[in-house]
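Undergrad: Submitted below is the structure of interest, expressed as structure tokens.
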Amino acid sequence: MKFVCLGYLDERSWNALSESERTGLLDACFAYDDELRKGGHFAGGEALQNARNAVTLRYRNGKVSKTDGPFAETKEMLGGILFLEAEDLDHAVRIMSNHPGVRVGPFEIRPAEDMTEIIRQSAARRRSAGKSS
């Protein structure tokens, strides 16, 4: 079976951490991801940019409207995730405004965060720490 795991971030807790605590936490997360990969359990994932960078599309009165930020009414639930390639946020909005699913529920559109360099730096720190132990 496949599962989608949505990781939530408490910004107050994150902002209360020192830079070294943040780095250590990221290193631990990426190390665990490596273990999941080794076990064949990591199918893929993306970090999301801050929710302030999101837009939500909603179909009402025969047209699609756009709201800045994430928004879901309590009667709504997350129904799925679609990974989309687009030129920019406006392009993504244009593409997804035509998706039939917007008629039955909102889509939150948020840019994926490129973690490539952070992961590379973390791997280097973990390799270095492994050599010193």
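Undergrad: Under the rule of at least 5 residues apart or a separate chain, name every residue whose amide H is placed under 5 Å from the amide H of residue 107.
TA: Amide H neighbours of residue 107: 57.
Undergrad: Another question, if that's okay. Once you keep just the Cα pairs under 8 angstrom separated by 6 or more residues, what percentage relative contact order results for the chain? Working shown, then result.
TA: On the way: 103 pairs, mean separation 38.2, N = 133.
Contact order relative to length: 29 percent.
Undergrad: Still on this structure: Sequence-distant or interchain residues sharing an amide H contact under 5 Å with residue 48, placed H: which?
TA: HN-HN under 5 Å from residue 48: 113.
Undergrad: For the chain, what is the mean residue ellipticity at 222 nm derived from helices alone (per DSSP H run of n ≥ 4: -39500 (n - 2.57); sum divided by total residues; nearest 500 deg cm²/dmol)?
TA: Per the formula, -12500 deg cm²/dmol.
Undergrad: OK, next. What distance in nm separates the two pseudo spin-label positions at residue 42 and residue 87, each 7 Å out from Cα along the beta-carbon direction?
TA: Placing both labels 7 Å along Cα→Cβ, they lie 3.4 nm apart.
Undergrad: Right, something else. Tell me, in nm to one decimal, what length is gained between residue 16 and residue 117 on full extension, where the rule is 0.36 nm per residue of separation less the Cα-Cα distance?
TA: 34.0 nm
Undergrad: How many lysine pairs are close in the chain, with Cα atoms under 30 Å apart and the two 8 or more places apart or on different chains?
TA: Total qualifying Lys-Lys pairs in the chain comes to 5.
Any read-out appearing in this document is the output of simple, stated calculations on the displayed coordinates, not a laboratory observation. Remember, predicted model here, so these are calculated numbers, not experimental data. In this analysis, Cβ positions are derived from the backbone assuming ideal geometry, glycine residues included, and neighbour counts consider all displayed protein chains.
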